[in-house]
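**Q** Questions regarding the structure given below will be posed in turn.
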Amino acid sequence: MRALLIVGGVWFFGTLITCPLLVIAQFDPGKDSAPTCFTYVNTFWPSFYFTTVISLLYIIPLVMLIVIYCVISSHLVATPYSLQGRQSENSNLRARKQVVAESFPGSN
């Protein structure tokens with residue numbers, strides 16, 4: 001039930017975010033060519049909408065992922081002790097550094 005609520009919420013907010021496109025976009029049936037849609041960004045509100053959508057859906061998640069991955073990799077490299085106590089410190093540290101190296105190419 002919880003999963004259905006989450007999926008329904010994602011669809012609701014996705015639909016809500018894309019609804020302004022119905023007002024901004026203009027349809028040209030194309031008498032001599034194929035039908036096309038044009039999106040003119042020549043006033044404040046369309047440009048504000050596109051800037052906000054790009055920020056909320058792409059830039060902010062990208063920055064959050066970069067920060068989270070940097071924190072995870074710094075924790076993996078900084079603490080050489082095994083979490084379960086079954087591996088030696090050297091092999092655990094080597095495995096952690098390998099994970100960081102595979103996650104961030106060129107970080108060696």
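The values are calculated or read from the model by the stated rules, or taken from the named source; none is laboratory data. Here the structure is a predicted model, which means the values were calculated and not measured. Glycine also receives a Cβ, built like all others from the backbone with ideal geometry; neighbour counts cover every protein chain displayed. Just so you know, the surface numbers come from the protein's heavy atoms only, side chains and all, with ligands and any DNA or RNA stripped out. Shrake-Rupley method; radii C 1.70, N 1.55, O 1.52, S 1.80 Å.
**Q** Which condition number in (1) open to solvent by 70 Å² or more (accessible area, probe 1.4 Å); (2) more than 23 Å from E102 (Cα to Cα); (3) part of a helix (DSSP H, G or I); (4) not polar (S, T, N, Q) is the one that P46 fails?
**A** The failed condition is (1).
**Q** Still on this structure, please answer the following. All but one of (1) over 30 Å from Q98 (Cβ atoms); (2) surrounded by 10 or more Cβ atoms within 10 Å (Cβ to Cβ); (3) among the aliphatic types (A, V, I, L, M) hold for M1, so report the exception by its number.
**A** Only one criterion is unmet by M1, namely (2).
**Q** Could you give me the residue pairs with C-beta distances under 7 Å whose first residue belongs to the stretch 42-60 and is over 14 Å from V23 (Cα atoms), whose second residue is open to solvent by less than 90 Å² (accessible area, probe 1.4 Å) and of a type outside the set (F, W, Y) wherever it lies, and which are 6+ apart or on separate chains?
**A** V53/I17
**Q** If you don't mind, another one. Looking at (1) in a helix (DSSP H, G or I); (2) at pLDDT below 65, can you tell me which one Y58 breaks?
**A** Status for Y58: all satisfied but (2).
The rows are residues; the columns are (1) under 30 Å from V41 (Cα atoms); (2) in contact with a Pro (Cβ under 8 Å, 6 or more places away or on another chain); (3) at pLDDT below 85.
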position: V53; (1), (2), (3): yes, no, no
position: V67; (1), (2), (3): no, no, no
position: C70; (1), (2), (3): no, no, no
position: T79; (1), (2), (3): no, no, yes
position: S82; (1), (2), (3): no, no, yes
position: S88; (1), (2), (3): no, no, yes
position: S91; (1), (2), (3): no, no, yes
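**Q** Further, regarding this structure: Can you pull out every residue in the stretch 1-37 that is in contact with a strand residue (DSSP E or B) (Cβ under 8 Å, 6 or more places away or on another chain) and either small (G, A, S) or farther than 22 Å from L57 by Cβ (or both)?
**A** A25, Q26, F27, D28, G30, P35, T36
**Q** What are the residues in the stretch 20-35 that are surrounded by 10 or more Cβ atoms within 10 Å (Cβ to Cβ) and over 12 Å from P46 (Cα atoms), if any?
**A** Q26, D28
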